[in-house]
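Remarks on the structure that follows.
Bear in mind that the values in this text are calculations on the coordinates, not laboratory data. Predicted, not measured: the structure shown is a model, and the values here were computed from it.
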Amino acid sequence: MNPRLRVQFIHGLEGSPQGAKPLFLAEHFDTTAPAMDTSDLEGSIATQIAALATIRPDVLVGSSYGGAVAVAMLDRGVWRGPTVLLAPAAERLGVPNRLPEGVAVTIVHGVHDDVVPLEHSHALAATGTPALVRLIEVDDGHRLQTLLDTGALADHVRDTFRAATQAGVQAS
């Protein structure tokens, strides 16, 4: 039997390490969700970078504010592994809204999101390596509750890891 994937979850402004998404992910993967002070973006990025060395994740998952933190980590080159971004707020928070080449990234965004404009995810998905970047629009709002209700979040994590593996891209 294959060992469970290690997932590092980066929560959003209203989320926490004990929130619905990390609890869902923990049912399917070896999940760690480091706590961070969301009033300090640079501090949050530093917290998550420090956690990389301990957690050694197979997949990074960032939600909203946490998605912006993940995009910053990708942009700074401290993480190059498979990444799932849930309604990432990078552009909204002044983080460069771009993906590096050679990284498998799945972006999931609700078409009814009233917090982070869907267009921001369209712009982000237009960067990086086209064959490795997927944008999935879902019939949902900002919280993306349907991903938990249907189990699709676990599928997106597995699919993103599989895409990276098939492309020969390793987590860094």
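When shorter helices are ignored and each DSSP H run of at least 4 residues is given -39500 (n - 2.57), the per-residue value for the chain at 222 nm works out to -11000 deg cm²/dmol.
Here the gap between Arg158 and Arg56, fully extended at 0.36 nm per residue and compared with their Cα-Cα distance, gives a gain of 35.1 nm.
Remark: the stretch 85-92, residue by residue, has Karplus-estimated 3J(HN,Hα) of 10, 9, 6, x, 9, 4, 4, 5 Hz, where x stands for each Gly or Pro and the curve is 6.51 cos²θ - 1.76 cosθ + 1.60 at θ = phi - 60°.
Pairwise Cα separations in the stretch 73-156 fall into 10 Å bins from 0 onward with the following percentages, short to long: 18, 52, 28, 1.
Take the alpha carbon gyration tensor of the stretch 11-66, find the square roots of its eigenvalues, order them as a ≥ b ≥ c, and report rounded if a/c is under 1.5; if not, report prolate when a/b exceeds b/c, else oblate.
Details: a/c = 2.22, a/b = 1.20, b/c = 1.85.
The shape class here is oblate.
Annotation: amide H-H contacts under 5 Å for Arg134 (H modelled 1.01 Å from N, sequence separation of 5 or more, or interchain): Val105, Thr106, Ile107. Between the stretch 51-97 and the stretch 115-169, the C-alpha centres lie 13 angstrom from each other. For Thr31, the amide hydrogen comes within under 5 Å of the amide hydrogens of Val7, counting only partners 5 or more places away or on other chains and with H modelled in the peptide plane.
The convex hull of the Cα atoms of the stretch 43-91, projected and averaged over all directions, covers 3.0 nm².
Restricting things to Cα coordinates, could you compute the convex hull volume per residue of the stretch 1-149 in Å³?
107
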